[in-house]
Every structure is written in C-alpha cells, then in structure tokens.
Amino acid sequence: MPIIKRYSGNPILTREDVPYEVATVHNAGAVKFGEKYILLFRSHLNNGRSIIGMAESKDGYSFKVHPEPFITPSEKDGFKLYEEYGVEDPRITYIDNEYLITYSAYSRYGVRIGLAKTSDFKSTERIALITEADYRNVVIFPEKFNGLYARLDRPHSEISPWSIWISYSPDLKHWGNSKVIMRPMMYHWDEMKIGPGAPPIKTSKGWLSIYHGVFPTMDGNIYRLGVALHDLKDPSLILGVGDNWILQPEEIYEVTGYVHNVVFTCGAIPEPDGTVKIYWGGADKVICAGEAVIDDLVSMCLNNSRKAL
Ligand code: BMA
C-alpha cells in the first residue's frame with residue numbers, strides 16, 4: 001500500500017481550468033477557510049514568469065479557479081524591484097486570525113521571500129520581504145514559541161548542500177536566531193537539496209513537516225517528498241526524519257510536463273479524522289491531490305529514520 005493514496009481524479013487542476021491564459025498551474029499552498037478549501041497556486045505565464053492564482057472547493061478535490069489572479073508582481077515601492085521576474089510557490093499559514101502567505105519573489109537580484117497577509121481571500125496586504133537573496137521555500141509555523149513566530153527556510157549555499165534552517169521573529173518582519181537543523185544525506189533520495197514543503201502540521205507526537213528532496217541523475221533531477229518530525233515545544237529539535245520518500249513522480253502527469261520528474265508540495269490540510277490531504281504540483285504543470293494517515297507519516301519519522309544533520 002502506498003503511504004499517500006493518490007486521488008482517482010488527478011490531476012485536480014490543469015491550465016484548461018484557469019479562466020485566464022497560463023502555461024501551467026502547479027505548486028499550491030492550501031488551507032481551510034471556514035467550510036471551504038482554498039488553494040493558492042503558481043502559474044507560468046506565456047512569457048515564462050509566474051503569478052499566483054486562487055481556487056476554492058467544498059470537498060478539497062473539486063476546485064473552481066477565480067476569474068482573476070490573486071497575487072501578481074507588486075507595483076509598490078520596496079517590493080517592485082524584487083518581484084520584477086514574478087512570484088512563485090505560495091505557502092499559507094493561519095495564525096492570530098490571519099492567513100500569512102509566503103512566496104518566492106524573483107528579480108534580477110536573485111530570489112527573496114515575500115510575506116503577505118489576508119483575512120478574507122479577497123484582498124492581500126504585503127507585510128515585508130523577509131529574506132535577502134537567495135532563499136526559497138519558507139514556511140511559517142501556525143503557533144508561536146516563547147512569544148516568537150518561527151519559520152523553516154532554505155538558504156542557498158555553494159559550500160554545503162541546500163539545507164533546512166529555522167529562524168524566529170517577534171514581529172514577522174525581523175528574523176534571527178537562525179540555526180541549521182536538517183541536511184540532505186549523501187547517496188540518498190534527497191542528496192542534492194532539500195526544502196520545506198507544506199507548513200508544519202501539529203500532531204500529538206510533534207510537528208510534522210512534509211519536505212521535498214532532490215536527487216541528480218543522468219536524466220536530470222528528480223523531486224520527491226519526504227517527512228520529518230519536530231519537537232512540539234522546541235521545533236529546532238528534529239525527532240526523526242523518515243528514511244524513505246513518501247511520494248515520487250510515477251503517474252504520467254508527474255513524469256512529463258513542464259519540468260519532468262517533479263512532485264513538489266506547498267500545502268497540506270489535516271482533517272479531523274486523522275488524515276491529511278496533500279497537494280502537489282505534477283511536473284510543474286498540473287495540481288494533484290492525495291491523502292495519507294497522519295499517524296503513518298509520524299511513525300515513518302520515528303521508526304525508520306535517518307539522521308537530520
Ligand atoms: C524549484 C522551484 C519549484 C519547482 C521545482 C522543480 O527550484 O522552482 O517551483 O517546482 O524547482 O522544477
């Protein structure tokens with residue numbers, strides 16, 4: 001039995017479902033908003049740059065895309081210069097009665113992380129650019145620790161393979177106390193780089209983090225998903241990292257598309273029955289969904305784990 005059960009109607013969104021012209025619809029942040037499931041997804045435009053769209057659903061599988069894009073490169077001073085090449089890979093965290101959205105902001109100066117917020121999924125307000133270049137894949141925890149916000153992030157490094165770090169902030173704008181907490185592992189499915197995927201999910205045994213790992217091959221890189229468990233009180237402590245991947249490109253729409261052999265997640269939604277709905281981009285072109293039992297993912301981290309560092 002695969003640990004993630006793919007939804008039989010995959011892919012759940014393709015570019016044909018988008019009422020404006022896009023080349024792809026992939027990598028989606030996901031959250032429950034009242035009774036609705038919301039996806040904020042990345043789309044390439046036909047000039048190769050990306051914007052973020054929104055879709056909503058009653059059941060988490062059948063989504064309707066809004067007629068207008070949700071986040072496009074900012075025209076505002078302070079943001080415009082750094083969003084010139086597009087906005088990508090949104091993640092959503094509900095905290096303090098607001099939905100925080102982190103996204104990659106691309107420009108000629110590299111890739112930074114932007115932070116925006118919304119309370120109604122109608123309008124957004126940009127808070128700040130919260131990293132310098134080059135960072136991607138920032139996820140904010142849905143709770144504070146000792147009064148501080150916490151995030152997992154993934155700076156670029158030429159010296160050490162791309163690793164996962166943790167940083168804290170009193171106000172969402174200024175971040176520090178950074179610490180490396182997890183590295184790729186040599187000759188392992190995630191040996192080239194790792195990055196946070198979905199914002200961490202609280203379980204009785206720890207914070208469950210679904211991350212992506214990349215393995216280089218003669219035929220290009222393969223993006224897969226794995227899991228790690230962080231201590232509930234001190235999320236900089238990793239209790240275990242699952243040795244095996246939980247998802248790899250297998251279906252035709254994951255193996256070929258815009259970039260082949262990619263499954264990439266930006267969001268997962270825990271359900272009251274102990275399952276989690278996971279959303280991933282298939283080959284950077286379509287959005288797929290699947291379901292796993294949270295306890296199964298947690299026990300992978302604890303019972304069949306590899307070292308974090
Ligand atoms: C990463 C990001 C993702 C993308 C992945 C695979 O670097 O650009 O948005 O899904 O590569 O192409």
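Bear in mind that the values in this text are calculations on the coordinates, not laboratory data. Please read all numbers here as calculations on a predicted model, not as lab measurements. Quick reminder, even Gly has a Cβ in these numbers, built from the backbone with ideal geometry, and neighbours come from all protein chains shown.
Report the Rg/Rh value for the range 5-306, based on alpha-carbon coordinates and the Kirkwood definition of Rh. Intermediate values should be presented prior to the final figure.
On the way: Rg = 17.5 Å, Rh = 18.9 Å.
Rounded to two decimals, Rg/Rh equals 0.93.
How far apart, in nm, are the 7 Å Cα→Cβ label points at LYS233 and ASN177?
According to this spin-label approximation, the distance is 1.4 nm.
With θ set to phi - 60°, apply the Karplus curve 6.51 cos²θ - 1.76 cosθ + 1.60 along the range 46-56 and write out the HN-Hα couplings as whole Hz, x wherever there is a Gly or Pro.
6, 9, x, 9, 10, 10, 10, x, 10, 9, 9
Please list, ordered by chain and number, the residues whose modelled amide H lies under 5 Å from the amide H of ILE181; skip anything fewer than 5 residues away on the same chain.
So ILE181 has HN proximity to ILE164, TRP165, ILE166.
Only bridges with both residues in the range 5-306 count here: give the DSSP antiparallel percent, nearest 5. Display every interim value, and only then the final one.
Working: 96 of 99 bridges.
Among the beta bridges of the range 5-306, antiparallel pairing accounts for roughly 95 percent.
Most mobile of PRO90, PRO216, PRO11 per a Gaussian network model of the chain (Cα springs, under 10 Å)?
Answer for the Gaussian network model of the chain: PRO216.
Full-extension gain between GLU68 and LYS5, please, as 0.36 nm times their residue separation minus the C-alpha to C-alpha distance. Walk me through the intermediate numbers first.
Working: separation 63, 0.36 × 63 = 22.68 nm, distance 3.16 nm.
Full-extension gain reported as 19.5 nm.
With springs only between Cα atoms under 10 Å apart, run a GNM on the chain and tell me which of ASN137, ASN261, ASN221 wobbles the most.
Largest GNM mean-square fluctuation: ASN221.
For the chain, modelled as a GNM with alpha-carbon contacts under 10 angstrom, which of ALA289, ALA228, ALA133 fluctuates the most?
Maximum among the listed residues: ALA133.
With +1 on each Lys and Arg Cβ and -1 on each Asp and Glu Cβ, and nothing else charged, work out how big the dipole of the range 216-264 is about its Cα centre, in Debye to the nearest 20.
With only Lys, Arg, Asp and Glu charged at Cβ, the dipole is about 120 debye.
Report the full-extension gain for the segment ASP120 to GLU251: residue separation times 0.36 nm, less the Cα-Cα distance, to one decimal in nm.
On the way: separation 131, 0.36 × 131 = 47.16 nm, distance 3.51 nm.
Going from the current span to full extension adds 43.7 nm.
One quarter of the convex hull surface, Cα atoms only: what value does that give for the range 1-86 in nm²? Could you put the intermediate results ahead of the total?
Numbers: hull surface 29.4 nm².
Averaged projected area of the range 1-86's Cα convex hull equals 7.4 nm².
Could you let me know the centre-to-centre spacing of the range 9-40 and the range 145-206, using Cα atoms, in angstrom?
So the two Cα centres are separated by 26 Å.
Just want the ordering: ASP219, ASP234, from fewest to most Cβ atoms lying within 10 Å of their own Cβ. The partial results should precede the final answer.
Details: ASP219 8, ASP234 11.
In order of increasing Cβ crowding within 10 Å: ASP219, ASP234.
Applying the Karplus parametrisation 6.51 cos²θ - 1.76 cosθ + 1.60 with θ = phi - 60° to the phi angles of the range 241-247, what ³J(HN,Hα) value in whole Hz is obtained for each residue in order, glycine and proline being reported as x?
For the range 241-247, the Karplus-derived couplings read 10, x, 6, 9, 5, 9, 7 Hz, x marking Gly and Pro.
How do CYS266, CYS301 line up, fewest other C-beta atoms within 10 Å first? Numbers along the way, then the final one.
Details: CYS266 31, CYS301 25.
Placing the least packed residue first, the sequence is CYS301, CYS266.
Note down the nm distance, to one decimal, between modelled labels 7 Å out along Cα→Cβ at SER157 and at GLU143.
Once both label points are built, they end up 2.9 nm from each other.
Gap in Å between the Cα centre of the range 85-106 and the Cα centre of the range 271-289?
Spelled out, the Cα-based centre of one part sits 17 Å from the other.
Could you give the length gained by full extension between GLU191 and GLU35, i.e. 0.36 nm per residue of separation minus their alpha carbon distance, to one decimal place?
Values: separation 156, 0.36 × 156 = 56.16 nm, distance 3.95 nm.
Stretched out fully, the GLU191 to GLU35 stretch lengthens by 52.2 nm.
For the range 254-260, take each phi angle, set θ = phi - 60°, evaluate the Karplus expression 6.51 cos²θ - 1.76 cosθ + 1.60, and give the result in whole Hz per residue in order, putting x for glycine and proline.
So the Karplus estimates, Gly and Pro as x, are 9, 7, 10, x, 7, 10, 7 Hz.
How far is it, in nm, from the label point at GLU271 to the one at LEU302 when both lie 7 Å from their Cα along the line to the Cβ?
Taking the two extended label points, one gets 2.3 nm.
List every residue whose amide H lies under 5 Å from the amide H of THR131, counting only residues 5 or more places away in sequence or on a different chain, with H placed 1.01 Å from N in the peptide plane.
HN-HN under 5 Å from THR131: ILE113.
If neighbour count is taken as other Cβ atoms inside 10 Å, put LEU232, LEU39, LEU115 in order from fewest to most.
Details: LEU232 16, LEU39 29, LEU115 22.
Fewest to most other Cβ atoms nearby, the residues stand as LEU232, LEU115, LEU39.
Under 30 Å from the Cα of LYS307, which lysines turn up, not counting those fewer than eight places away in the same chain?
Hits, sequence-local ones excluded: LYS5, LYS144, LYS179, LYS193, LYS202, LYS205, LYS233, LYS277.
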